[in-house]
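The values are calculated or read from the model by the stated rules, or taken from the named source; none is laboratory data. Because the structure is a prediction, the values reported are computed rather than measured. Don't worry about glycine lacking a Cβ; one is built from the backbone with ideal geometry, like all the others, and counts go over all protein chains shown.
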């Protein structure tokens, strides 16, 4: 009986670990100009990245495959909102991406030892990771003013993925960032 219970708990813990490792912790923020009439935006086009501020230090900045994935995802999101691609757009879209190496240190303090003579020492956990950010800017083509900005920041998964999985991840990230567009 005890063996069956242990086996059940082992399977349950495995399922929970798989579920947690599959979750993404993407922090999303947005801001927009409250004086803009959003109903006037019916079309969009892509702004030349060289005309927009960029992060030249990012190793991901010049990746044409990643650029295409982001374009595909944003194109889909705009289409879902009834905003169509045009040579003479109302809105210009530009994105920025960047990565930063981070270290998180957690000092758990002193702990008791299993031995009878006292403390077992300090426990300090060090976690090194890469944090990535994607920024989607929407610019009024007539005034060239920034009217909406969405930002997604999270831990970059360094594991090798198939191209289909990477496009699905890009779709998920852009969808979460653009969920608040247009503001109503």
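Within region 145-166, the set of residues being in contact (Cβ under 8 Å) with a residue 12 or more places away in the chain and part of a loop (DSSP other than H, G, I, E, B) comprises 145, 156, 157, 158.
Of note, residue 116 satisfies the criterion of being farther than 30 Å from residue 25 by Cβ and either outside any strand (DSSP E or B) or modelled with pLDDT of 85 or more (or both).
Among the conditions (1) modelled with pLDDT of 65 or more; (2) closer than 20 Å to residue 146 by Cβ, residue 66 misses just one, which is (2).
Here's the yes/no breakdown for (1) surrounded by 15 or more Cβ atoms within 10 Å (Cβ to Cβ); (2) at pLDDT 85 or above; (3) assigned to a loop (DSSP other than H, G, I, E, B):
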{"position": "5", "(1), (2), (3)": "no, no, no"}
{"position": "8", "(1), (2), (3)": "no, no, no"}
{"position": "12", "(1), (2), (3)": "no, no, no"}
{"position": "34", "(1), (2), (3)": "no, yes, yes"}
{"position": "50", "(1), (2), (3)": "no, no, no"}
{"position": "61", "(1), (2), (3)": "yes, no, yes"}
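Checking 93, 74 one by one, the residue that is outside any helix (DSSP H, G or I), touching a strand residue (DSSP E or B) at 6+ places or on another chain (Cβ under 8 Å), at pLDDT 90 or above and closer than 18 Å to residue 180 by Cβ is 93 and no other.
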